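After the structure tokens below, expect a handful of questions from me.
The values are calculated or read from the model by the stated rules, or taken from the named source; none is laboratory data. The model shown is predicted, which means the values in this text are computed figures rather than measured ones. Please note: Cβ atoms are built from the backbone with ideal geometry, for glycine as well, and neighbour counts cover all protein chains shown.
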Amino acid sequence: MANRAVVLVDSSVWIDLLRGKHGAQIAALHDLVAANAAALSPLIYQEILQGAGSHTHLDALRKYFSTLPMLVGTHPIHTHEAAAELYARCRWAGITPRNGFDCLVAVTAIEHRAELLAHDRDFDAIARVEPRLRLYQTTGA
């Protein structure tokens with residue numbers, strides 16, 4: 001992934017797409033998919049698969065999402081330590097992310113110097129604490 005710019009797409013956007021929602025994030029996602037620039041992390045992939053309504057649906061999700069670029073943490077321990085530290089830094093700043101795994105997604109994006117496309121207000125707060133987190137800017141709603 002180092003030579004090709006990708007955008008890490010959070011499960012919040014993928015789930016909105018799968019639920020048939022519309023908006024700026026979904027329009028941006030369509031553009032990123034068309035440009036082969038939409039990426040996942042293992043955690044995001046897991047969150048998507050967990051929403052399957054049946055074994056057939058799970059297989060369909062696997063078939064599609066397993067073909068996308070996958071951004072993994074750069075180190076099996078240090079990435080998680082950095083995510084825990086980021087969560088703690090958020091708390092120290094008076095912000096408690098609703099889902100601690102969002103910090104792992106944020107750190108994965110930072111490690112890969114990828115922008116993050118999300119439809120989750122926690123990432124806005126995390127980015128205020130960690131300026132290296134670059135949120136993908138969409139136009140419109």
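Please work out which residue is nearest to E115 (Cα to Cα), limiting yourself to region 37-66 and to residues that are among the polar types (S, T, N, Q) and at pLDDT 95 or above.
S41
Would you mention how many residues in region 1-44 are surrounded by 20 or more Cβ atoms within 10 Å (Cβ to Cβ) and of a type in the set (D, E)?
1
Quick one: E47 ticks every box in (1) under 21 Å from R134 (Cα atoms); (2) surrounded by 19 or more Cβ atoms within 10 Å (Cβ to Cβ); (3) not aromatic (F, W, Y) except a single one, so which number is it?
Answer for E47: the failing condition is (1).
Can I ask one more? Can you give me the number of residues within region 66-98 that are within 16 Å of F123 (Cβ to Cβ) and outside any helix (DSSP H, G or I)?
6
I'm checking my understanding of the structure. Among residues of region 47-80 that are among the charged types (D, E, K, R) and touching a helix residue (DSSP H, G or I) at 6+ places or on another chain (Cβ under 9 Å), which one is farthest from I15 (Cα to Cα)?
So the residue we want is R62.
If you don't mind, there's one more thing I want to ask. Would you call H55 more than 17 Å from Q137 (Cα to Cα), surrounded by fewer than 14 Cβ atoms within 10 Å (Cβ to Cβ) and without any contact (Cβ under 8 Å) to a residue 40 or more places away in the chain?
Here the answer is yes, as H55 does meet what is asked.
Within region 97-120, does at least one residue satisfy the condition of being touching a Ser or Thr at 6+ places or on another chain (Cβ under 9 Å) and modelled with pLDDT under 95?
Looking through region 97-120, at least one residue is touching a Ser or Thr at 6+ places or on another chain (Cβ under 9 Å) and modelled with pLDDT under 95.
H78 versus (1) surrounded by 14 or more Cβ atoms within 10 Å (Cβ to Cβ); (2) more than 27 Å from I26 (Cβ to Cβ): which is the lone unmet condition?
Just one mismatch for H78, condition (1).
Something else about it: Residues of region 99-141 being part of a loop (DSSP other than H, G, I, E, B), farther than 22 Å from A24 by Cβ and in contact (Cβ under 8 Å) with a residue 24 or more places away in the chain, which ones?
H112, E130
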